Amino acid sequence: MTESNHQKTFDVTSDQSGHRRRLAQRFSENGLSGFLDYEVLEYLLTFAVPRRDTKPLAKELLRHYKTIGAVLDAPQEELIAFAGLGEHSCNLLALVKEAAALCLKEKATVAEILSDKAAVENYLRFHFGSRRDEYVVAILLTGGQRVLAVTEIGVGTVNQCAVYPRVVIEHALRAKAAAVILAHNHPGGSTNASEADWKITERLFEAGKLLDIPLVDHLIISRDRVSSLREHARWPG
């Protein structure tokens with residue numbers, strides 16, 4: 001390598017290092033305030049991608065997935081196809097998503113469901129609202145209507161996920177729950193209840209009534225909102 005080429009490489013590395021330091025300083029002083037979306041991803045990726053300009057990669061990810069949330073939700077087998085994203089980078093993105101979900105879950109599990117329903121809904125939207133497959137969870141409640149646990153009980157295709165009242169009741173009995181809220185996501189984005197949603201609601205309501213573990217609500221989750229079936233006239237009982 002000639003001296004001029006060596007100097008050029010050194011300058012590029014120095015410029016990149018300086019840019020990273022400026023991003024870090026901005027974050028230290030003001031958090032993410034003032035960061036553009038691509039800059040958030042750019043700065044995040046600096047922790048996993050050494051000695052490389054992460055701005056083009058951040059912009060490419062946003063062009064493909066549109067939002068930061070969608071990038072964090074993307075499966076590793078998709079992300080790994082992007083040049084510059086290795087297993088370490090994918091694990092970092094997954095860690096950020098899971099850590100944020102854990103914080104929201106902690107808030108949800110100390111919530112009193114009647115007075116702080118928003119905490120539970122925020123967790124459900126964040127963790128399940130953007131999933132591509134359909135997930136079903138049981139929110140197990142104490143006698144005082146506090147959240148005891150949020151338990152995933154089923155996963156299926158985009159359009160179908162088998163839910164059996166027996167499985168839900170078994171989880172409730174094991175946790176000594178006094179009541180249950182059923183919740184599932186609609187990957188398509190709509191929170192309108194299907195006929196199948198109403199059928200499982202009716203079956204679980206009857207099973208819960210027999211065993212004195214009432215079904216308090218059935219929530220349908222999307223990325224943007226949570227719909228309560230209990231608020232509909234068709235709610236059983």
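Every number in this text was worked out from the coordinates using simple rules, so none of it is lab data. Values in this document were obtained by computation on a predicted structure and should not be read as measured data. We place every Cβ from the backbone using ideal geometry, glycine too, and count neighbours over all the protein chains shown.
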Kindly state, to the nearest 0.05, the FRET efficiency for ASP224 paired with ARG52, given R0 = 35 Å and r defined as their beta-carbon distance.
0.50
Amide H neighbours of ILE153 under 5 Å, counting only residues 5+ apart in sequence or on other chains, H built in-plane at 1.01 Å?
VAL136, VAL137, ALA138
In order over segment 71-87: 3J(HN,Hα) from phi, Karplus 6.51/-1.76/1.60, θ = phi - 60°, whole Hz, x for each Gly or Pro, gives 5, 5, 7, 5, x, 4, 5, 7, 4, 5, 6, 7, 4, x, 9, x, 4
Surpassing 28 Å at the alpha-carbon level, of the pairs LYS66/LYS105; LYS59/LYS105; LYS66/LYS97; LYS117/LYS209; LYS59/LYS117; LYS55/LYS105, are LYS59/LYS105; LYS59/LYS117; LYS55/LYS105
Neighbourhood net charge (14 Å Cβ-Cβ; Lys/Arg +1, Asp/Glu -1) for SER228
+1
Tell me the net charge near ALA193. Cut-off is 15 Å between Cβ atoms, ALA193 excluded, with +1 for each Lys or Arg and -1 for each Asp or Glu.
-1
Contact order relative to length for segment 112-231, counting C-alpha pairs under 8 Å separated by 6 or more residues, stands in percent at 28 percent
